[in-house]
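Scroll down for the structure; my scribbles are underneath it.
The values are calculated or read from the model by the stated rules, or taken from the named source; none is laboratory data. Please read these numbers as outputs of a predicted model, since none were measured by experiment. Heads up, the Cβs are rebuilt from the backbone with ideal geometry, glycines too, and the neighbour counts pull from every protein chain shown.
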Amino acid sequence: MMSRYRALRLGDRMENGVRVASSRLPSVAEWQYPDLASQPWTDEQKLSIAKRMQTALSAPTFLNRNLSLFNPPADSLPFIVTPSSFPDYPAVNASPVVVLSYTVPRGMLAVITRLAIVDNGGNTLGNGNILWNVLINGGAIDGLGNLTAPIGTLAQPNDVVFVAHEQDVVEVTVQVTTATANGTTAAMFQGWTYPLSQATSVNRQGGPLQ
């Protein structure tokens, strides 16, 4: 099922609920200083892009090129986050419910390497009635928005890789769109943290994480 909130480019517009692509490419100035309020996007789309920009602007500019996402340093600190209790599904068309929330400690870089999202109610899945989102500071992570099916299990979470920085809030939310969902849902994060003072390259010789 296609998401109700399709991606829009700068300059696109909506006509009768359908995205109409812009006939021209935005200028460099428009990309550098976008006026989000003037874009014909939904409030949800504006909020999501604003949160993504906030996250990008607050991230360290340079990261140590020797730091590997797939081979954590020996002195990194592993963590596992699970809910204190499994939440019930929300009512149909109610606001999303937070299934799991993790705030990166001050002064730390967090790398989440395993993720599980599970349904405990025997619900029919994959039809778009239940939608899970993995968010950082309220903005969906690419590829992990409007998920229509669970990911892995609590015993065997799936491999993923995404990075969050100090005080970032990483969440899994769930919403129900058309028919009542039964039972509960749950999620799990697994990963490691590392001091930003060591993850950030002080000699400005950083580059993409390998």
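In the condition set (1) more than 13 Å from the chain's Cα centre (by Cα); (2) crowded, with 18+ Cβ neighbours inside 10 Å; (3) closer than 29 Å to residue 199 by Cα; (4) hydrophobic (A, V, I, L, M, F, W, C), residue 162 is compliant with all but (1).
Out of curiosity, is residue 152 touching a residue at least 60 places away in the same chain (Cβ under 8 Å) and either of a type in the set (Gly, Ala, Ser) or at negative phi (or both)? Answer is no for this residue.
Hey, could you check segment 72-116 for residues that are among the aliphatic types (A, V, I, L, M) and in a loop (DSSP other than H, G, I, E, B) and say which is surrounded by the fewest Cβ atoms within 10 Å (Cβ to Cβ)? In this case the residue turns out to be 74.
Pairs only if they're at least six apart or on different chains, beta carbon under 6 angstrom, first in segment 79-91 and in the same structural domain as residue 184 (by TED's automatic domain parsing), second part of a loop (DSSP other than H, G, I, E, B); list them, first residue then second. Pairs found: 89/181.
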